[in-house]
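Structure record follows, encoded as structure tokens.
The values are calculated or read from the model by the stated rules, or taken from the named source; none is laboratory data. Quantities reported herein were computed from a predicted structural model and do not represent experimental measurements. All Cβ positions, glycine included, derive from the backbone under ideal geometry; neighbour counts span all protein chains shown.
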Amino acid sequence: MPQSESRTAPLAFAVLAMVAAFSLGDPANAAGKARPDFSGVWRMARPAEITDERQRTPAIPAPPLTPEGAAAYAADREAYRKSEEEGRPIARDREVCIPDGMPRMLTTDLPFEIIQTPKRITLITEFMAQIRRIALDRTKHAKSEDAVDTFFGDSIGRWEGDTLVVETTGLKPRVKLFNDVPRSDQLRIVERIRLVTPNILRDEVTIIDPKVLTKPWTVVRVFQRRPDLAVGEFVCTENNRNYRDAQGRLGTRMP
């Protein structure tokens, strides 16, 4: 064998070994399939725009609440009802420009953008300019002593064929579930995200919280790719007159 070939052969074998190892750890790559591309601008699939009812966003089902969860939910709703009757409603976070966080950010009717790279998927909503990052390059959540609770949590995704499975933990205690359902410190959210068609994205959100829910609560969100739309700028604090007073009631600053 010529000397030049003897030097390049080990390098070639090493590269092939690395490619093989990578493919074995990634079934879709091993099969030669490209990952689904979620990139683009999306908006909730509206009934008036979607003729196939299977591709519409279904209503949020009632949560299967535990007695503890039902009591907390009822108390919160009653307190808000009474405060409205008194003419000084309790200030919800959204009203004082606190972001929804996960999973309520998925209820927006305004456009949002998905930016997809091999290591990360980023969601940017027009509503309150909320930003959520899903890591694709790690498999474990931060250790408890290093973790910092956030509005959007620590989200880690992995591919199962053409479905992105995302697990989210580490959400701030103040972040509530869909329809303002309360949560506990045992909250965990698992999503299964996939393209139903090239322009219809289905996100099956399963909420797991043994203290609040008797069983996992699954809520489906469906979004339509909208290349005709752009994500606008939404700065909630600009010219916002609402504030939360010392009693937690909604106040309004007069101009």
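Things to note:
- Residue within the range 97-111 that is more than 28 Å from Asn240 (Cα to Cα) and either among the aromatic types (Phe, Trp, Tyr) or surrounded by fewer than 19 Cβ atoms within 10 Å (Cβ to Cβ) (or both) present: no
- Filtered residues of the range 113-132 (kept if buried (at least 16 other Cβ atoms within 10 Å of the Cβ) and touching a Leu at 6+ places or on another chain (Cβ under 6 Å)): Ile114, Glu126, Phe127, Arg132
- No other residue among Arg183, Arg133 is charged (D, E, K, R), closer than 17 Å to Asp93 by Cα and at pLDDT 95 or above apart from Arg183.
- Of the residues screened, Pro198 is one that is within 19 Å of Pro111 (Cβ to Cβ), surrounded by fewer than 16 Cβ atoms within 10 Å (Cβ to Cβ) and not acidic (Asp, Glu).
- Looking only at the range 214-230, and only at residues there that are out of contact with any Pro (no Cβ under 6 Å at 6 or more places or on another chain) and not in a loop (DSSP other than H, G, I, E, B), the one that is surrounded by the fewest Cβ atoms within 10 Å (Cβ to Cβ): Thr218
- Only one of the listed residues (Asp109, Asp137) is of a type outside the set (Lys, Arg), out of contact with any Asp or Glu (no Cβ under 8 Å at 6 or more places or on another chain), assigned to a loop (DSSP other than H, G, I, E, B) and more than 20 Å from Asp37 (Cβ to Cβ). That residue is Asp109.
- Residue in the range 81-91 that is surrounded by 15 or more Cβ atoms within 10 Å (Cβ to Cβ), closer than 23 Å to Val212 by Cβ, β-branched (Val, Ile, Thr) and at pLDDT below 95 present: yes
Residue-by-condition table, conditions (1) out of contact with any Ser or Thr (no Cβ under 9 Å at 6 or more places or on another chain); (2) closer than 24 Å to Pro63 by Cα:
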site: Phe152; (1), (2): no, yes
site: Thr163; (1), (2): yes, no
site: Val166; (1), (2): no, yes
site: Lys176; (1), (2): yes, yes
site: Gln186; (1), (2): yes, yes
site: Glu191; (1), (2): no, yes
site: Arg194; (1), (2): no, yes
site: Ile207; (1), (2): no, yes
site: Pro210; (1), (2): no, yes
